[in-house]
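Visitor: This is the structure I have questions about; it appears just below.
Every number here is computed from the coordinates shown, using simple stated rules; none is lab data. What you see is a predicted model; the values in this text were computed from it and never measured. Because the Cβ atoms are built from the backbone with ideal geometry, glycine has one as well, and the counts that use them run over all protein chains shown.
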Amino acid sequence: MRLPCPTFSGVEALQAFYRTQSFAQHNHEAFAFGSPTGEAHTGQGADREGWSYRMFCVPPGAYARQVRT
């Protein structure tokens, strides 16, 4: 689920739960708080119960605007 942040333009909150989904090695172009920015990583559950995560995704331009203010 992607939810836009009403306070900060361009920022999204992500929440997900997966039972069998896994992700091959990848990286994120945005600042992904909950995941290392620009660092390749994978995503999968540690057991059959599934896995979940919450993350904030901040595009570089939105981050720069907030830092300047």
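Visitor: Over all directions, what mean area does the Cα convex hull of the chain project, stated in square nanometres?
Guide: In nm², the orientation-averaged hull projection of the chain is 5.0.
Visitor: Rounded to the nearest 20 debye, what is the charge dipole size of the chain about its Cα centre when +1 sits on each Lys and Arg Cβ and -1 on each Asp and Glu Cβ? Let's see the in-between values first.
Guide: Values: 6 positive and 5 negative charges, 41 e Å.
Dipole size: approximately 200 debye.
Visitor: For the stretch 2-68, what is the relative contact order in percent, using Cα pairs closer than 8 Å and at least 6 residues apart in sequence? Intermediate values should be presented prior to the final figure.
Guide: Values: 114 pairs, mean separation 25.7, N = 67.
Here the relative contact order equals 38 percent.
Visitor: Just going by the charge dipole of the stretch 2-68, with Lys and Arg at +1 and Asp and Glu at -1 on Cβ, which of Pro60, Gln21, Pro6 is farthest out on the positive end?
Guide: Comparing the listed Cα positions along the dipole, Pro6 ranks first.
Visitor: Helix-only mean residue ellipticity at 222 nm, the chain, DSSP H runs n ≥ 4 weighted -39,500 (n - 2.57), per residue, nearest 500. What is it? Please list the in-between numbers first.
Guide: Numbers: 1 runs with 9 residues, N = 69.
Value at 222 nm, helices only: -3500 deg cm²/dmol.
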